[in-house]
Ligand code: 5GP
C-alpha cells in the first residue's frame, strides 16, 4: 500500500492508493502511443462522457502525436425504474461523426451498461468505426460481455475507486491518483459520469 500524498478534502476517507500518479501517467502515455500508431492518417474523434472522463481525455489527447477532434456527451444516471440501462442523453455530440473514426474514451467500465448505451447511440450516426479506450476496467461486475474495448489502461478489482476524474458525491475528482474509498457507497448501482 502506498502512502496517501494528498490533500483536500478528507483524505482520511481514503483507504489506499490503488494506482499512483506515476503509474497513471506512464500508462496514459503508452495508450496514447498505441492510439497514435493505430489511427495515423484517420479522421479521429475522441468522445468522452461528462464529467468523469475529462481528466483522462485531457491527458490522453495531449499525449497523442496525431490530430484528433474532441467531443462530449452527458447522460442521465440509472434509476430503479430503468435497471437495464441508461435512460437518455442530456448532452449530445456537437461533431458530425458519420464516416469518421470514433474512440469512446471512458474513465471506468464497470457493468458495461453505460458504454453499451453510448455505443448504440454512436452507431446510429454511421461512423467509419467505433472503439473504446478505458482507463480502468472493473471486469468482476461486467454485465455486457461483448464491448469493443480496444485500449485498456488497468484491470482493477471490484472496489469503489475515486480520483483522476472519478468522484464520490462530486468529491475527489481532482486527485492525481486512483484511490479506494474506505467505505463503499451504499447503493450498488453506479452513476454515470
Ligand atoms: P457501468 O456500470 O455502466 O459500466 O458504469 C457506470 C458509471 O458508474 C461509470 O461511468 C462511472 O461513472 C461509475 N462508476 C463505476 N464504478 C465506479 C467506481 O469504482 N468509482 C466511481 N467513482 N464511479 C464508478
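Between residue 64 and residue 143, the C-beta separation translates, for a Förster distance of 22 Å, into a calculated FRET efficiency of about 0.10. In a fully extended conformation the segment linking residue 111 and residue 76 would gain 11.0 nm over its present Cα-Cα distance, using 0.36 nm per residue. Taking one quarter of the surface of the convex hull spanned by the alpha-carbon atoms of the stretch 123-163 gives a direction-averaged projected area of 4.0 nm².
Values of log10 I(q)/I(0) for the stretch 97-193 across q = 0.16, 0.24 Å⁻¹ run -0.70, -1.30, by the Debye formula with one identical scatterer at each alpha carbon and no solvent.
Taking every Cα-Cα distance in the stretch 15-159 and sorting them into 5 Å bins starting at zero, the pair-distance distribution P(r) comes out as 2, 9, 19, 23, 21, 15, 8, 2, 1, 0 percent.
Coordinate-derived values only; no laboratory data. Since the structure is predicted, the reported quantities are computational estimates derived from the model, not experimental observations. Using ideal geometry, Cβ is built from the backbone for each residue, glycine included, and neighbour counts are taken over all protein chains shown.
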